[in-house]
Amino acid sequence: MPTTPPNPILTSTPRLHISLFNPKDPQHSTFLHKLATTTPGFEDYVGHSPRIRTPTDATTYLTTQLQPRYAASGHRYGDFLVSRRPHPTATLAESVPIGAVYLDDEVKGHAVASIGYCVLPGEAGRGYASEVGRALVRYARAEMGLRGVCGICAVGDARSRRVLVKIGFVERGVWDFSTLGGGGKRFFLDGWARSRMA
C-alpha cells in the first residue's frame, strides 16, 4: 500500500480544504505544535490526543502514529489538516492552515465512526467548525459508504456541542467513556440517518 495517495486533499468546500498531514513538511509540524499549545481544549480534541509540547513532538506524532494510521486505513482515518482557502479556487499550497479534524473508525465499545475538530482561537466564531464537520460527514458517507457517524465532546464544552447539533447530530445524553478508555464523561451525539447531514 502506498504511503502517500496521489492527491493529499480528501475533500473541499468553497472556503476550506481538508487534507492529509505530511510529516515531511516542517510547516505541518509547526502548525500542529501551534494548534496544540494555543488552543484551549486541544487535549479533548480527540480522546487519545498526543501530548505535543514542541514541533519535534508534532513531527514524531505525525511520523510514528499518524502515518501508520493513514497507511493501515488507506488514508481514510486519522487526523487531517484544515486549511482556509483565500479564494474559492485556491490550491492547497495557497491555503492557510487553521485547524484539524479527525475521523475515527472506532468509538470503543460502539460500532460507529466519530468525528472531531479543532480550530485556532483566532479562527473561531466564523463557522469553520460546522463547515468542516459537514464536509467530513458528507465525505464519510459518500466516499467511504459509512452509514453512522457520531460526535463526542466534553460535558462542559457547550461550543462544540452547539456545533455538532448545528451539523445535524442528535444529542443522546452523557455517556461515561472512562470505562472504555475514552477519558471520562462525554456528551454523545448521534448522526445515524440524519438527512440534514447528506
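No value in this document is a laboratory result; all are computed from the given coordinates. All values derive from a computational prediction rather than experimental measurement.
Give me Rg/Rg_expected for the stretch 9-146, where Rg uses Cα atoms only and Rg_expected = 2.2 N^0.38 Å with N residues.
Working: Rg = 14.0 Å, N = 138, 2.2 N^0.38 = 14.3 Å.
So the stretch 9-146 has a normalised radius of gyration of 0.98.
Applied to the stretch 130-147, the Karplus parametrisation 6.51 cos²θ - 1.76 cosθ + 1.60 on θ = phi - 60° returns per-residue 3J(HN,Hα) values of 5, 5, 6, x, 4, 4, 5, 5, 4, 4, 4, 7, 7, 8, 10, x, 6, 8 Hz, with x for Gly and Pro.
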